[in-house]
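Since the structure comes first, as structure tokens, the remarks are kept for the end.
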Amino acid sequence: MKAEWFARLVVILLGIGLPLLAIFARSDAGVIEVHGKVAENGGWTPESFNAVVGQPIHLRLTSDDVVHSFAIGQSDTAPIDVMPGQMADATLVFDKPGKYTFYCTRWCGVNHWRMRGTIEVSGSSTEVVTPTTPLYVALKLSIDDPHPAEVVPVSRPSAAQAGAPGVKVDLPAEVYRTQSPVEVWKQLRAASFSNGLSDMQVWNLVAWVWRSNTTPESIASGKRLYSQNCAACHGETGQGNGVMAASLKKAVPSGNMSGMPGHDTAAPVNFTDARNMLGASSAILQGKIIRGGMGTGMPYWGPIFTDAQVWSLVDYLWTFQFEEGDKP
Ligand code: HEC
Ligand SMILES: [Cu+2]
């Protein structure tokens, strides 16, 4: 009698196994079921949830439309594929309190980057978290102003071709970070040591200053991040012609951002255009990456990338202007 009852239960379980599991999952207080949808249809649900330092939270991730991927900003955790009709389990433990951003890493549509949500982590940690002030804030730069280059080189400057034999300039990272290539070019041009050099040779010195303040590792890291996060708009070759560039204009939703002066969507910047780029300091580019365009179509990446990752992107952007070459 008992055995038969048990057998029948197993059959029922087998028959309705899947929905039953889903119900169990939802009723389990420790599990959060997260659904992904393209941004136009609502993005992540729930869009935000809470956690406590040191206490694991369990997520069951699934997609209600196309393939997405789940990742946590400013962390090393590998992205998790989020597939329609499948559940992916993940356990997260946070060791520091704060507000974390989770986001989609798959180009699921033109508004892909808007697929973001937040995790509020409370609790205490022995480690003191001091947020770094972005350079553009510390320097009070207006990163939305145009920064045209007053002078441009006749061809692409090359670090490997820098200067004439015997001429060597070493300028510190602070110059690389806070001054534009044009500003540095003008200073080097005015210096007496460069009297015998052509304008192009001085530009090569500028390329060398830029090159000598980056590392091959940082440029390689920037290149990887660029391909995954930026190329769809700015183009693999940096020319502002990525696959999403054309649909960008109509992609920005109407609502609180539309109709505001100066907040129209723009074309993705062409990083190979010397007339624009050589007038910008690294601090301006870094600021734009962190804060975004606030309605121009340029996403904000501050909560997504670490400080080192943002700088590696800046380092990489300069390779669209300067021939890298080996350090001379
Ligand atoms: C969805 C499209 C899109 C993506 C993705 C995107 N950008 Fe942009 N970006 C733009 C647009 C549009 C502009 C021009 C408007 C502006 O400057 O706000 C821009 C401008 C910029 C600027 C300002 C350049 C200047 O001359 O001042 C920088 C720097 C930049 N992007 C870097 C990046 C980096 C790095 C990434 C990837 C991490 C990225 N962008 C991803 C659309 C995009
Ligand atoms: Cu997505």
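The values are calculated or read from the model by the stated rules, or taken from the named source; none is laboratory data. The model shown is predicted, which means the values in this text are computed figures rather than measured ones. Using ideal geometry, Cβ is built from the backbone for each residue, glycine included, and neighbour counts are taken over all protein chains shown.
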> Which fully enclosed helices (runs of 4 or more DSSP H) of segment 169-223 have 1 or more residues being over 26 Å from LYS140 (Cα atoms)?
Replying inline: 181-190, 199-212
> In segment 268-291, what residues are out of contact with any Cys (no Cβ under 8 Å at 6 or more places or on another chain), within 7 Å of ligand 1 (Cβ to nearest atom) and of a type outside the set (S, T, N, Q)?
Replying inline: VAL269, MET277, ALA280, ILE284, LEU285, LYS288, ILE289
> Is it fair to say VAL82 is under 29 Å from ARG224 (Cβ atoms) and away from ligand 2 (no atom under 11 Å from the Cβ)?
Replying inline: no
> Can you tell me how many residues in segment 69-91 are under 22 Å from the mean Cα position of the chain (by Cα) and away from ligand 1 (no atom under 16 Å from the Cβ)?
Replying inline: 9
>> Out of the residues in segment 106-165 meeting the condition of being buried (at least 17 other Cβ atoms within 10 Å of the Cβ) and of a type in the set (Gly, Ala, Ser), tell me which one is nearest to ALA191 (Cα to Cα).
In response: GLY163
>> Looking for something within 20 Å of the chain's Cα centre (by Cα), buried (at least 19 other Cβ atoms within 10 Å of the Cβ) and not assigned by TED's automatic domain parsing to the domain that holds ALA267 - is there at least one such residue anywhere in segment 48-68?
In response: yes
>> Checking PRO148 against (1) more than 16 Å from ligand 2 (Cβ to nearest atom); (2) over 25 Å from PHE322 (Cβ atoms); (3) touching a residue at least 60 places away in the same chain (Cβ under 8 Å), only one condition comes out false. Which one?
In response: (2)
> In segment 33-47, what residues are away from ligand 1 (no atom under 16 Å from the Cβ) and either in a loop (DSSP other than H, G, I, E, B) or surrounded by 15 or more Cβ atoms within 10 Å (Cβ to Cβ) (or both)?
Replying inline: GLU33, VAL34, HIS35, GLY36, LYS37, GLY42, TRP44, PRO46, GLU47
